[in-house]
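The values are calculated or read from the model by the stated rules, or taken from the named source; none is laboratory data. None of the values given here were measured: they were computed from a predicted structure. Cβ placement follows ideal geometry from the backbone for every residue including glycine, while neighbour counts extend to all protein chains displayed.
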Amino acid sequence: MTDDVTYEEFVTTRAHALLRYGYVLTGNADDAADLVQDGLVRLRGSWERVVNKNDPEGYVRTIMARRHISLWRRRKRERLVGSVPEERYDDRGIEQAEHDPRLWEALAELPPRQRAVLVLRYYEDLADEEIAGILGISRGTVRSQAARALGKLRADWRPAAAVAGGGHHDR
């Protein structure tokens, strides 16, 4: 790849090969297209730096592979259930938890970084990358801090609704 190749020329000549690569990663054409799109969007923002290293395709393939792994891990954590819960889901349970002072007390007991990660992730609804930038830590550290904090909260705290109902739901 030479320095005089434009982003548009790169996309025109390599998009199909990147789509095939995405399909090999995912086994699904729609997921492959999403990976290619994400990779090309990120490449566009870094084009000058990446093209000077003469490896824009390697850059996009790395983004695609990392994104695929990230999505795979997220899906792996999803838990499919065999039946629909009897109770209707709505935001009342979330609102009750938000107003339960024990939640905020439990959060206050966490180390500051773990507390910050949970609040930014679940209360402010920020992505791991945004949290990492705000806190000046890596995305991996964001994930590990969140996992540790959630483990501690699960072990130590249940919402008032679960306690009041006397019910215990196995996970």
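Hand me the list of helices (runs of 4 or more DSSP H) wholly inside segment 4-67 holding 2 or more residues that are among the hydrophobic types (A, V, I, L, M, F, W, C) and farther than 26 Å from Asp128 by Cα.
Values: elements: 7-26, 29-45, 47-52.
Here the list reads 7-26.
Cβ-Cβ under 8 Å, sequence separation 6+ or interchain: first residue in segment 4-15 and within 14 Å of Gly39 (Cα to Cα), partner part of a loop (DSSP other than H, G, I, E, B). Which pairs?
As it stands, the answer is Phe10/Met1, since those pairs meet every condition given.
With a cut-off of at least 1 residues that are assigned by TED's automatic domain parsing to the domain that holds Arg115 and at pLDDT 75 or above, name the helices (runs of 4 or more DSSP H) lying wholly within segment 127-171.
Values: elements: 128-135, 139-156, 160-164.
Counting at least 1 such residues, we get 128-135, 139-156.
Answer with yes or no whether Glu109 is modelled with pLDDT of 80 or more, more than 30 Å from His16 (Cα to Cα) and of a type in the set (Asp, Glu). Lay out the reasoning, then the answer.
On the way: modelled with pLDDT of 80 or more: yes; more than 30 Å from His16 (Cα to Cα): yes; of a type in the set (Asp, Glu): yes.
For Glu109, the condition - modelled with pLDDT of 80 or more, more than 30 Å from His16 (Cα to Cα) and of a type in the set (Asp, Glu) - is met.
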